[in-house]
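Colleague: I'd like to ask some things about the structure below.
The values are calculated or read from the model by the stated rules, or taken from the named source; none is laboratory data. Only a predicted model underlies this, so the values are computations on that prediction, with no experimental measurement involved. Here the Cβ positions follow ideal geometry from the backbone for every residue, glycine too, while neighbour counts run over all protein chains shown.
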Amino acid sequence: MSDPCKAEACQIQACLKRFNYDESKCTKVIDQLYACCTQFYTNQGEDARSPCCPIPSLLELKIKQREQEKVDAKLLQQKR
């Protein structure tokens, strides 16, 4: 089975390269990957695995953090 979220993962890599690895410039593509991974686990079940997606519990945590705390690389850099 091919990885359904590979395109989104590759977009993240391209974005990071384009913006000199500044994750704060790539939050939109990161969100797109998380949406793809959510759909992947919805369709395939939580026991499914993808090299492009965090495991379901970590994915859920990352999404919750981004929604509730607006956690992204830019905010984390400001807290330092």
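Colleague: Looking at the structure I just gave you, is Gln39 out of contact with any Asp or Glu (no Cβ under 8 Å at 6 or more places or on another chain), modelled with pLDDT of 95 or more, on the phi < 0 side of the Ramachandran plot and assigned to a helix (DSSP H, G or I)?
Modeller: So Gln39 fits the description; yes.
Colleague: Please find, among Tyr34, Tyr41, the residue that is of a type in the set (Phe, Trp, Tyr) and either within 11 Å of the chain's Cα centre (by Cα) or loosely packed, with under 13 Cβ neighbours inside 10 Å (or both).
Modeller: Going through Tyr34, Tyr41 in turn, the sole match is Tyr34.
Colleague: Ok, one more. Any residue in the stretch 1-12 that is closer than 13 Å to Gln44 by Cα sitting within a Cβ distance under 7 Å of a residue that is assigned to a helix (DSSP H, G or I)? List the pairs, counting only those 6 or more apart or interchain.
Modeller: Pro4/Cys36; Pro4/Phe40; Cys5/Leu33; Cys5/Cys36; Cys5/Cys37; Cys5/Phe40
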